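Chemist: Quick one: this structure, given as structure tokens, is what I'll be asking you about.
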Amino acid sequence: MLTKALCRLFVPNADDPKDPRTRLAYGRMAGVTGIVCNILLCGGKLLAGFLAGSLAMIADAFNNLSDAGSSIVTLVGFKLAGMPADEDHPFGHGRMEYLSTMGVAVLIILAGFELAASALDKILHPAEATFSIVSAVILTASIGVKLWMAVFNRRIGRLIHSDTLLATGTDSRNDVICTGVVLVSSLVGWHTGWSLDGYVGMAVALFVIWSGFSVIRDTVSPLLGQAPDPELVEDIRRTVLAHEGVVGIHDMMVHDYGPGRMMVSLHAEVPEAQSIRVSHDLIDNIEMELQEKYNLISCIHMDPVDMDNPETLRLKEMVTGLLSEMDGRLSLHDFRVVAGDTHTNLLFDVVVPHDYPRREQLSARIQELVHSRDPKLFTVIKVETSYT
């Protein structure tokens, strides 16, 4: 309910998260919300920590202060990522959001190390902590706020496909766990007299550090050029093939320039007998549809395919069947036939998965199988790796 209210108040056109301006508004709202909530939580936990004389509570308060810094990084990251394309960056600055995500992760790790150092000192030099009802109430309220923030950031992050907000949501979840553990240890210490403050603080610190490195791991992948979302690839494939006049597609590549900034290139197979004017008009319409549907730039290359020659279709079907028998993951495209008096050449590309074994011997094996069907058939094969 509160999330919907904030969206209605601060996000114009909230129902269209794919729009870059709407996405920026969502990011700005999430960043400001994080700054306000974390500063209030920091003040409350500092009060609780001083009242109880608990290092773990005070460290948890400074963890919230670092979270406010993370929210500032998020806010700046969305602002920079929303900058329009320029001469040096023709596809915009969307990858700045990945860098801001890494900035959030670094702050999480630094907070974890600071907490670990304080916890180690507490273990080596234990001091009795006192229990305070006020402290318990403040920590309980903090858990509720952070739980809402975790759900809030993850919900907005999924809505606008933002790794930065998903990382912030993970950090908020960590705070729920950390504060819960601190509260439980305080209650245990109050009832038993055991001094668990330093040990609990160390456990919390290690968990926070691990979470930070997990965020970095997940952020490095898109920067290095990870494989596109299979669901998106399949949606694009269905959209293109739904057009009458396109008989197949291949060589699809998805380039990620940041959330909401993608470029797709692919080859669309069209009937050879279809006029170039008709095919060109068809490709233009498909590119416009992809732009409207997925908010991406597309570049489609036309490949003419002989659909009227029965012998070409028969040979293609034969080779396709052989590939399927060898490995169901193999496929072919750009199939052509060059017939001669003494022999016939079959020219085509074979697409293999990136982890396909024995690819060096693949062409020879296909030639062997084709030759066994008809000694007059020879193959000219290009083996390429699937991009999706």
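The values are calculated or read from the model by the stated rules, or taken from the named source; none is laboratory data. As the structure is a computational prediction, the values presented were derived from the model and not from experiment. A quick note on method: Cβ atoms are made from the backbone with ideal geometry, for glycine too, and the neighbour counts reach across all protein chains shown.
Chemist: If a residue must be in contact with a helix residue (DSSP H, G or I) (Cβ under 6 Å, 6 or more places away or on another chain), farther than 17 Å from Ile72 by Cβ and of a type outside the set (A, V, I, L, M), how many such residues does segment 13-40 contain?
Modeler: 4
Chemist: Being out of contact with any Phe, Trp or Tyr (no Cβ under 7 Å at 6 or more places or on another chain), more than 20 Å from Thr179 (Cα to Cα), modelled with pLDDT of 80 or more and of a type in the set (A, V, I, L, M) narrows it down to one residue among Val145, Val106, Val137; which is it?
Modeler: Within the list Val145, Val106, Val137, the selection yields Val106.
Chemist: May I pose another question? Taking the options Ala48, Ala85, Ala52, Ala68, name whichever one is hydrophobic (A, V, I, L, M, F, W, C), assigned by TED's automatic domain parsing to the domain that holds Lys122 and within 24 Å of Glu292 (Cα to Cα).
Modeler: Residue meeting the stated conditions: Ala85.
Chemist: Listed residues Ala205, Ala167, Ala268, Ala227; which is aliphatic (A, V, I, L, M) and surrounded by fewer than 18 Cβ atoms within 10 Å (Cβ to Cβ)?
Modeler: Ala227
Chemist: Could you say which residue among Leu241, Leu332 is of a type outside the set (Ser, Thr, Tyr) and within 30 Å of Gln361 (Cβ to Cβ)?
Modeler: The conditions single out Leu332.
A quick yes/no check of all residues on (1) within 18 Å of Phe207 (Cα to Cα); (2) of a type in the set (A, V, I, L, M, F, W, C):
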{"residue": "Ala81", "(1), (2)": "no, yes"}
{"residue": "Ala85", "(1), (2)": "no, yes"}
{"residue": "His93", "(1), (2)": "no, no"}
{"residue": "Met96", "(1), (2)": "no, yes"}
{"residue": "Thr101", "(1), (2)": "no, no"}
{"residue": "Val106", "(1), (2)": "yes, yes"}
{"residue": "Ala117", "(1), (2)": "yes, yes"}
{"residue": "Ile133", "(1), (2)": "no, yes"}
{"residue": "Ala141", "(1), (2)": "no, yes"}
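Chemist: Keeping to segment 321-337, report how many residues are assigned to a helix (DSSP H, G or I) and more than 16 Å from Glu384 (Cα to Cα).
Modeler: As a first pass, look at segment 321-337 and keep what is assigned to a helix (DSSP H, G or I): 321-326.
Okay, now just the ones that are also more than 16 Å from Glu384 (Cα to Cα), so 321-322, 324-326.
Looking only at that region, the number is 5.
Chemist: Give segment 288-321 a look and list any residue that's surrounded by 12 or more Cβ atoms within 10 Å (Cβ to Cβ), free of Cβ contacts under 8 Å to residues at least 24 places away in the same chain and within 24 Å of the chain's Cα centre (by Cα), or say none.
Modeler: Answer for segment 288-321, where residues must be surrounded by 12 or more Cβ atoms within 10 Å (Cβ to Cβ), free of Cβ contacts under 8 Å to residues at least 24 places away in the same chain and within 24 Å of the chain's Cα centre (by Cα): just Gln291.
Chemist: Would you point out which residue out of Ile108, Ile156, Ile138, Ile123 is hydrophobic (A, V, I, L, M, F, W, C), surrounded by fewer than 22 Cβ atoms within 10 Å (Cβ to Cβ) and touching a residue at least 40 places away in the same chain (Cβ under 8 Å)?
Modeler: Values: Ile108 fails: surrounded by fewer than 22 Cβ atoms within 10 Å (Cβ to Cβ); Ile156 fails: surrounded by fewer than 22 Cβ atoms within 10 Å (Cβ to Cβ); Ile138 fails: surrounded by fewer than 22 Cβ atoms within 10 Å (Cβ to Cβ).
After applying the criteria, what remains is Ile123.
Chemist: Filtering segment 238-270 down to residues that are at positive phi and assigned to a loop (DSSP other than H, G, I, E, B), which residue is nearest to the chain's Cα centre (by Cα)?
Modeler: For segment 238-270, the residue satisfying everything is Gly258.
Chemist: Select, from Lys316, Lys293, the only residue that is among the basic types (Lys, Arg), assigned to a helix (DSSP H, G or I) and in the same structural domain as His371 (by TED's automatic domain parsing).
Modeler: Lys316
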